[in-house]
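Nothing in this text is a laboratory measurement; each read-out follows from the coordinates by a stated rule. Computed from a predicted model, the values in this text were never measured in an experiment. Cβ atoms come from the backbone with ideal geometry, glycine included; neighbour counts cover every protein chain shown.
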Amino acid sequence: MGINRLPLEDDVRTVGARGKKGGAEPLNLAKFLDRIPPHDLQAEAFVLGSMMCESKAASIAVEELEAVDFYVGHHIVLFSELKKMFARIENLDELIVRNELKRLGKLDECGGADELSRLVQETHSPANIEGYCRIVRENAIQRELIIASAKILQSVQTPEGRDGEYLVGMAEKLVYDISDNRKTEDAVPMSEILVGIGNQAEAAYRARQEGREIESLALATRFADLDKLLAGGFWPGELIILAGRPSMGKTTFAINIARKVATDHESVRKPVAIFSLEMPKEQVAKNILCAESKVSGYKMRNFNLNAEEYENVVEASKTLQNAPLHIDDTSGLAVDQLRARCRRLKHRHDIGLVVIDYLQLMSPPAGGKRGNRQEEVSEISRGLKAISRELNIPMIVLSQLNRSMEKRDNDDKRPALSDLRDSGAIEQDADVVIMLYREEYYDIEKNTNHVNHGEALVLKNRNGAVGMAKLTFIKDELRFESYHPDHTPAGGN
């Protein structure tokens with residue numbers, strides 16, 4: 001049986017590597033890659049032999065491994081065929097496998113009849129199948145890492161006009177893809193799940209009995225009515241769609257949630273990442289500063305501040321300088337780029353909330369199908385849901401609404417789920433859908449009694465109630481607050 005070196009490009013070049021004395025020393029990449037890659041022939045043979053000895057072993061191997069995890073050529077073919085057979089025949093043995101391979105004309109390709117006999121006879125114990133699988137899988141991961149490293153080195157050697165940030169993103173994707181493809185989540189027994197739920201229930205009960213604040217996994221928005229509807233706030237792994245017509249205030253509402261989360265009491269505050277695809281980071285920061293300092297956005301635009309306002313801005317700046325807020329204003333961000341950046345932020349800063357403004361400005365994943373816009377938005381939506389689940393943090397994604405809602409015959413312009421723009425997949429993927437509505441937006445003269453009033457309409461809540469949370473909107477200061485019925489408008493702009 002032949003053992004080949006890694007299947008890499010032929011035009012491998014030498015690259016510079018820093019030596020012990022700080023000088024550049026040539027690294028012969030071709031020589032490095034010509035080494036025999038990590039593999040274990042015995043472990044591969046034991047896996048295949050075990051599959052032909054015991055049904056339980058075959059079941060575990062099929063679940064744990066893929067054909068590409070094997071290194072030897074005829075082992076790859078044999079495992080692939082055994083996997084197909086096991087789907088039809090529960091109890092495999094040497095005779096059944098030999099006859100099936102002969103019928104398919106693949107016996108020689110799998111090493112021949114003598115090889116099948118050797119695999120069965122030399123198998124030590126099918127009971128050790130999980131250990132054999134682990135060895136095969138670990139070697140496969142090491143080979144994948146070597147191939148990814150070679151691709152990274154080659155792309156750096158021949159960048160072809162691609163800048164450093166692109167190359168870093170490509171390198172991250174190559175490595176993260178190995179991790180993504182290797183993730184296996186086994187079913188967990190109900191008894192084990194109940195232990196975790198029971199511990200949480202007991203902790204909450206004891207806290208209530210002792211008059212202590214009940215710890216919650218939910219991330220409070222600090223909008224009282226909204227938190228009540230959402231059973232405490234946004235929960236880990238949730239995809240929250242925040243939708244509204246242009247100028248309804250959805251960006252302001254989202255960054256106010258981000259501000260409150262990042263400037264909360266030190267014991268509960270969480271780092272927040274804001275991805276602004278429409279507005280430059282300086283403007284996002286200025287809007288947050290307006291809300292924190294309660295200074296008019298119009299005045300802040302040209303820094304036309306009186307002494308009191310200037311002091312308020314200075315004090316708010318001190319608060320925000322200590323707030324773990326991170327703002328990325330890359331336009332046209334693709335889902336795979338967002339995933340890489342969120343992973344870095346989670347690793348470096350342990351972010352607890354992601355805000356994206358807004359979904360329709362995102363690009364579909366690189367290499368994904370380019371169909372109509374609905375298909376692209378569906379792919380983006382699924383990707384965002386996967387990121388929130390993977391990082392186990394809530395993600396607020398802003399979305400536009402269709403114009404059709406404004407053409408309704410009745411006077412009530414409150415949005416519905418059917419008004420989400422571009423794709424029904426947005427509603428399907430979301431755990432929570434919140435739509436902003438302000439009556440004064442449509443006719444301020446007719447709705448003078450509703451100036452500064454807003455509504456957060458929770459139209460979908462996968463794990464809780466739906467309903468309406470009242471808000472107070474202070475437009476000049478780019479700020480939402482919990483509802484205050486006696487609030488009077490601040491100074492106009």
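A dipole drawn for the range 211-364 from +1 and -1 charges on Cβ atoms has a positive end, and of H265, L230, F303 the residue lying farthest that way is L230.
Here the range 55-130 and the range 273-333 have alpha carbon centers that stand 63 Å from each other.
Between A67 and E165, what's the calculated FRET efficiency when r is the beta-carbon distance and R0 is 30 Å? Round to 0.05.
On the way: r = 36 Å, r/R0 = 1.19.
It comes out at approximately 0.25.
Sorted on the mean count of surrounding Cβ atoms within 10 Å across their residues, most packed first, peptides 191-203, 295-307, 122-134, 374-386 read 374-386, 122-134, 295-307, 191-203.
Measure up K228/K294; K56/K84; K250/K318; K228/K250 against 18 Å on the Cα-Cα distance and list the ones that go over. Walk me through the numbers before you get to the answer.
Working: K228/K294 26 Å; K56/K84 16 Å; K250/K318 26 Å; K228/K250 20 Å.
From the list (K228/K294; K56/K84; K250/K318; K228/K250), the Cα-Cα distance tops 18 Å for K228/K294; K250/K318; K228/K250.
Taking the number of Cβ atoms within 10 Å of each Cβ as an exposure proxy, the fewest-first ranking of T319, T221, T263, T158 is T158, T319, T263, T221. Exposure proxy shown here: for S363, S50, S117, the number of other Cβ atoms within 10 Å sets the order, fewest to most, as S117, S363, S50.
Computed over the range 182-295, relative contact order equals 15 percent, with contacts defined as Cα pairs under 8 Å that lie 6+ residues apart. Here the Karplus relation 6.51 cos²θ - 1.76 cosθ + 1.60, evaluated at θ = phi - 60°, turns the backbone of the range 263-276 into coupling constants of 10, 5, 3, 4, 6, 10, 5, 10, x, 10, 10, 10, 9, 9 Hz, with x for every Gly and Pro. The gain in end-to-end length when the R343 to E109 segment is fully stretched comes to 79.9 nm, 0.36 nm per residue minus the alpha carbon separation. Amide hydrogen proximity for L471: with H placed 1.01 Å from N in the peptide plane, the residues at 5 or more positions away or on another chain lying under 5 Å are G454, E455, A456.
Our coupling estimate for the range 71-81, obtained by passing each phi through the Karplus curve with A = 6.51, B = -1.76, C = 1.60 and θ = phi - 60°, is 9, 6, x, 6, 5, 4, 5, 5, 4, 4, 6 Hz, Gly and Pro reported as x. Taking the number of Cβ atoms within 10 Å of each Cβ as an exposure proxy, the fewest-first ranking of R118, R137, R462 is R462, R118, R137. Close amide H pairs (under 5 Å, H built 1.01 Å from N) link A243 with S399, I434, M435, L436, residues at least 5 positions away or on another chain. Amide H to amide H, with H built 1.01 Å from N, I356 comes under 5 Å of F275, I396, V397, L398, counting only residues 5 or more places away or on other chains. Here the Karplus relation 6.51 cos²θ - 1.76 cosθ + 1.60, evaluated at θ = phi - 60°, turns the backbone of the range 116-132 into coupling constants of 4, 4, 5, 4, 6, 5, 8, 5, 5, 7, x, 5, 8, 4, 5, x, 4 Hz, with x for every Gly and Pro.
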